[in-house]
Structure formats: C-alpha cells, structure tokens
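Colleague: Take a look at this one; I'll ask things after.
Derivation of every value follows stated rules applied to the coordinates shown; laboratory data play no part. Because the structure is predicted, anything quoted here is derived from the model rather than measured. As a convention, Cβ positions derive from the backbone with ideal geometry for all residues, glycine included, and neighbour counts pool all protein chains shown.
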Amino acid sequence: MKVVVSLDEVRQARGNLKGPIGLVPTMGYLHEGHLSLVRQARKECESVVVTIFVNPTQFGAHEDLDKYPRDLERDLRLLESEDADLVWTPTNEIMYPAGYQTWVMVEDVSKPLEGAMRPGHFRGVATIVAKFFNAVQPDRAYFGQKDAQQTVVVRRMAGDLNSPVKIIVCPTIREADGLAMSSRNVYLSQEERQSAEVLSQALYQAKEAFKAGERDANRLRQVVLDKLATEPVVKVQYISCAQPDTLQELEGQVERALISLAVTIGKTRLIDNIMI
Ligand code: AMP
C-alpha cells in the first residue's frame with residue numbers, strides 16, 4: 001500500500017495502478033462503515049484508492065473542524081489490512097492553496113435538510129469530491145447511504161459535470177443497538193450514547209408503520225418525532241419524509257420515501273435515515 005501526500009505523487013501513483021480504479025473518499029478516523037466501502041471497492045475494482053482529508057470547506061464556522069477526531073496511524077493500519085492500493089492524505093495547502101477561488105455548487109438538492117442546517121456544507125463537499133475525481137480519475141467512487149443527501153448531491157454533480165465516474169452507494173453500517181456508525185459517535189458520553197439508540201429505533205418504527213399500511217407523510221414524520229420525544233436529551237433539528245431523488249418534502253400519500261433526521265444530543269450532532 002502506497003501512501004502519498006502531494007498532487008504529483010498521487011498522479012504518478014495513480015498512473016501505475018491497473019484499472020478499473022475505485023475511489024473511497026473519507027475524512028479518516030475510520031470505522032466499519034468506511035471499511036465496508038473499501039471492501040465493496042476491493043470486490044468490484046482492480047485497484048482501490050482511499051483519500052483521508054478533513055475537508056475544512058465543508059465545515060461551518062461554529063462546527064467541529066478543530067476537534068474532529070483524527071488517528072492517521074490507525075487508519076493506515078486498517079487500510080493496509082483491507083488491501084487498499086493507494087492512500088492519499090493531502091494537506092489543506094495542497095487542496096486550497098493561497099488564491100483558491102473555484103467552487104462547485106449543486107443547486108436544488110443542496111438546499112433542504114443538511115443544506116438548510118449547514119449553509120455552505122454541500123458547496124464544500126461537491127468541490128472536494130470534484131477535485132478528487134480530477135486528481136485520481138477513478139472509474140467508480142463509493143459513498144455511504146448514511147449521508148443520504150451527500151449521495152444525491154454527488155450524483156447530481158458528477159452527472160451535471162459530465163464526469164465518467166460511476167457513483168456507488170453502500171448500505172449504512174450500524175452498531176449492535178442500531179446506532180449508525182460515525183466518527184462523531186466518540187463525542188458522546190456514556191449516557192448520551194445510550195440515548196442515541198432512539199434514532200434508529202424511531203426510523204425503524206416509521207418503517208414498521210409503513211409496512212403496516214401507513215402512507216401519510218405527516219403521520220410517518222410524527223411516528224419518528226414521538227419516538228425521539230421519549231429521550232428528552234435528544235433535540236430534533238429536522239425530521240423529513242422526502243422524495244429520494246429530488247429531496248422535496250412529501251405531503252399526503254407516499255409510496256417511496258427517504259425518511260431522515262438530524263438531532264443534537266448535548267453538543268453532538270447526529271444524522272440518520274432509512275428508505276421506505
Ligand atoms: P466521512 O469520513 O464521514 O466523510 O465518511 C466517508 C464516507 O463513509 C462517506 O461516503 C460516508 O457516507 C461513509 N460512511 C460514514 N459512516 C458510514 C456508515 N455508518 N455506513 C456506511 N457508510 C458510512
């Protein structure tokens with residue numbers, strides 16, 4: 001496994017890899033969710049490239065950029081054992097040198113949900129992913145359903161910019177109690193961690209209600225809200241029942257929907273979603 005930092009190095013190393021090439025972009029502090037993407041890429045591609053970069057432009061001014069967890073040594077050990085071929089760990093100066101002024105903005109699908117709560121977030125995401133696609137020129141890129149809106153934004157960006165990269169979305173990996181794995185879960189105290197299991201429970205209850213015949217978008221959102229309300233430390237930012245491709249909020253009868261939520265528990269912000 002080769003580990004590189006500079007653009008010249010990554011271009012050169014990429015040139016020596018056999019295609020098809022699979023790219024897995026991450027912010028590091030890897031867990032089984034990230035590794036599931038690497039494994040999927042390993043299955044489908046001849047070569048696997050992983051980026052580790054805590055992208056500053058996708059964090060808001062008051063977000064957790066400075067305290068975002070990092071452990072490069074451990075990440076590299078894990079990637080080595082997953083048989084990744086190339087790991088790119090660029091610096092802020094490499095990705096955003098002095099004078100940097102080019103941004104990728106995906107319009108409508110960036111606006112609701114995470115985009116509404118985190119202004120500028122998807123501008124940062126779309127820009128860095130486009131830059132990774134340019135530098136690595138992968139055939140396929142792997143993203144987690146955990147960040148559902150991100151997959152919609154990235155797909156739109158790649159299509160709109162005529163990128164040949166195929167976007168692959170992999171299922172959300174969860175802890176034994178259902179909590180979606182996230183690098184941010186380490187912020188939770190023991191009690192907060194316990195309360196956090198209500199997130200997936202609330203989503204599964206909505207799915208059960210749907211299976212039992214509930215089709216009304218408002219009532220599905222209410223099922224989620226009622227369950228979250230059983231844990232007073234969980235503060236709801238949004239609960240959405242949206243069309244999965246446009247992310248437009250649904251009203252009335254639904255046949256297919258992305259149910260998603262964002263909450264804070266103490267100082268930690270968590271998101272999760274389920275498809276029905
Ligand atoms: P991050 O390091 O948080 O930027 O995540 C890097 C990639 O891993 C993104 O495509 C995420 O959607 C994906 N990912 C994060 N958590 C999970 C999870 N629990 N299950 C599956 N994929 C995940």
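Colleague: Just tell me which aspartates and glutamates come within less than 16 Å, Cα to Cα, of K18; anything on the same chain fewer than 8 places away is out.
Modeller: E44, E46, D83, D85, D139
Colleague: Quick one: Cα centre-to-centre distance for the stretch 71-108 and the stretch 1-46, in angstrom?
Modeller: Each part's Cα centre sits 10 Å from the other's.
Colleague: Give the Debye-formula value of log10 I(q)/I(0) at each listed q (0.13, 0.18 Å⁻¹), with one equal scatterer per alpha carbon of the stretch 1-133, two decimals each.
Modeller: Log10 of I(q)/I(0), two decimals: -0.59, -1.09.
Colleague: Long-range amide H contacts for Y29: which residues qualify at under 5 Å (H placed 1.01 Å from N, peptide plane, sequence gap of 5 or more or a different chain)?
Modeller: D71
Colleague: Identify the residues of the stretch 184-221 with backbone N under 20 Å of a label point that sits 7 angstrom from the Cα of E249 along the Cα-to-Cβ direction, or state none.
Modeller: Flagged as within label range: 203, 206-207, 215-221.
Colleague: Another one. If we count other beta carbons within 10 Å of each Cβ, what is the order of E231, E44, fewest first?
Modeller: With the sparsest Cβ surroundings first, the list reads E44, E231.
Colleague: Go ahead and run the numbers for FRET between S81 and R219, Cβ-Cβ distance against an R0 of 51 Å, rounding to 0.05.
Modeller: E between S81 and R219, to the nearest 0.05, is 0.65.
Colleague: Hull surface divided by four, with the convex hull built on the Cα atoms of the stretch 88-189: how many nm²?
Modeller: Over all viewing directions, the stretch 88-189 projects a mean Cα-hull area of 8.2 nm².
Colleague: Two decimals is fine: what's Rg over Rh for the stretch 49-123, C-alpha atoms, Kirkwood radius as Rh? Walk me through the intermediate numbers first.
Modeller: On the way: Rg = 15.1 Å, Rh = 14.7 Å.
Radius of gyration relative to Kirkwood radius: 1.03.
Colleague: Okay, moving on. For the chain, what does the helix formula give at 222 nm: sum of -39500 (n - 2.57) over DSSP H segments with n ≥ 4, over the residue count, nearest 500 deg cm²/dmol?
Modeller: -11000 deg cm²/dmol
Colleague: Using Cβ counts within 10 Å as a stand-in for footprinting exposure, how do F122, F143 rank, fewest first?
Modeller: Ordered from fewest to most neighbouring Cβ atoms within 10 Å, F122, F143 come out as F143, F122.
Colleague: If you don't mind, another one. Out of all DSSP beta bridges with both ends in the chain, state the antiparallel percent to the nearest 5.
Modeller: 50 percent
Colleague: Another question, if that's okay. Where Rh is the Kirkwood radius over the Cα pairs of the stretch 43-85, the temperature 37 °C and the viscosity 0.692 mPa s, what D in µm²/s does Stokes-Einstein return?
Modeller: Values: Rh = 12.6 Å.
Estimated diffusion coefficient is 261 µm²/s.
Colleague: Under a cut-off of 19 Å between alpha-carbon atoms, report the lysines in cross-link reach of K67, not counting same-chain residues fewer than 8 places apart.
Modeller: Result set, ordered by chain and number: K267.
Colleague: Determine one quarter of the surface area of the Cα convex hull of the chain, which equals its mean projected area, and express it in nm² to one decimal.
Modeller: With every direction weighted equally, the projected area is 14.6 nm².
Colleague: Shifting gears a bit: Farthest toward the dipole's positive end in the chain, which of S200, M105, P56, given Cβ charges of +1 (Lys, Arg) and -1 (Asp, Glu) about the Cα centre?
Modeller: The listed residue farthest towards the positive side: M105.
Colleague: Here is a further query. Rank the residues Y142, Y100, Y187 as a footprinting-exposure proxy: fewest other Cβ atoms within 10 Å of their Cβ go first. Working shown, then result.
Modeller: Working: Y142 26, Y100 12, Y187 19.
In order of increasing Cβ crowding within 10 Å: Y100, Y187, Y142.
Colleague: Further question on the same structure: Based on the alpha-carbon set only, what is the convex hull volume of the stretch 162-276 divided per residue, in Å³? Display every interim value, and only then the final one.
Modeller: Details: hull volume 14.7 nm³, N = 115.
In the stretch 162-276, the Cα hull volume divided by residue count equals 127 Å³.
Colleague: Moving on to the next point. Quick one, what does Rg over Rh come out to for the stretch 196-256 if you take C-alpha atoms and the Kirkwood Rh?
Modeller: That ratio equals 0.97.
Colleague: Pull out the extension gain between E44 and M117, defined as 0.36 nm times the separation in residues minus the alpha carbon to alpha carbon distance; nm, one decimal.
Modeller: Here the segment from E44 to M117 would lengthen by 22.8 nm.
Colleague: To the nearest Å, what is the center-to-center distance of the stretch 154-192 and the stretch 197-276, using C-alpha atoms only?
Modeller: 17 Å
Colleague: If you bin the C-alpha pair distances of the stretch 222-276 every 5 Å from 0, what whole percents do you get?
Modeller: Once binned at 5 Å, the Cα pair distances of the stretch 222-276 give 4, 19, 28, 22, 14, 9, 2, 0.
Colleague: Return the lysines within reach of K207: Cα separation strictly under 20 angstrom, same-chain partners fewer than 8 residues apart disregarded; answer none if there are no such residues.
Modeller: List returned: K146, K227.
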